[in-house]
Amino acid sequence: MGLFGKEKKQPSERNAIDDSKLKINLADTALGLLVKGEDFTELANTKCEFGYLFEIEGHGIEALFKLETDMTVAYFAAQGDKLMRLNFNEELFRSTTEDFLDMHGGKGE
């Protein structure tokens, strides 16, 4: 309950895991953060996997995903209008995804 006995309204959320256009935009932006020679030699077989992707009212996008190149696996988070490269490993990616989906009642990819 909020101040003066009024209930606080939770922001609406939309599970956007099936929104191909949004996923492509995020993945393309993340690809631009990779460094040739350090993160990849070529991008031809690069794979992208989303742990979760939500649009939250008043907040924007909340996403966790990874790009798997010929040289590395790079992990990313989108929060609001920011995209960040993370220092993650596969175990942390999986557990963070599971925890987020448990809290938000969603399904992953």
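The values are calculated or read from the model by the stated rules, or taken from the named source; none is laboratory data. Everything numeric here is computed off the predicted structure, so don't read it as measured data. Neighbour counts are summed over all protein chains in view; Cβ atoms, including those assigned to glycine, are modelled from backbone coordinates with ideal geometry. Calculation scope for accessible area: heavy atoms of the full protein, side chains included, ligands and nucleic acids excluded. Shrake-Rupley method; radii C 1.70, N 1.55, O 1.52, S 1.80 Å.
Pull up region 38-55, narrow it to residues that are among the aliphatic types (A, V, I, L, M) and touching a helix residue (DSSP H, G or I) at 6+ places or on another chain (Cβ under 9 Å), then point me to the one that is nearest to Thr97 (Cα to Cα). Working first, answer last.
Within region 38-55, the subset among the aliphatic types (A, V, I, L, M) is 43-44, 53.
Next cut, touching a helix residue (DSSP H, G or I) at 6+ places or on another chain (Cβ under 9 Å) only: 43, 53.
Details: Leu43: 25, Leu53: 10 Å.
Here the residue is Leu53.
Residues in region 95-104 that are within 12 Å of the chain's Cα centre (by Cα) and modelled with pLDDT of 95 or more: how many?
Selection size over region 95-104: 2.
Any residue in region 35-63 that's of a type in the set (S, T, N, Q): show its pairings with residues that are assigned to a loop (DSSP other than H, G, I, E, B) and open to solvent by 80 Å² or more (accessible area, probe 1.4 Å) at Cβ separation under 6 Å, as long as the two are six or more apart or on different chains.
What qualifies is Thr41/Asp70.
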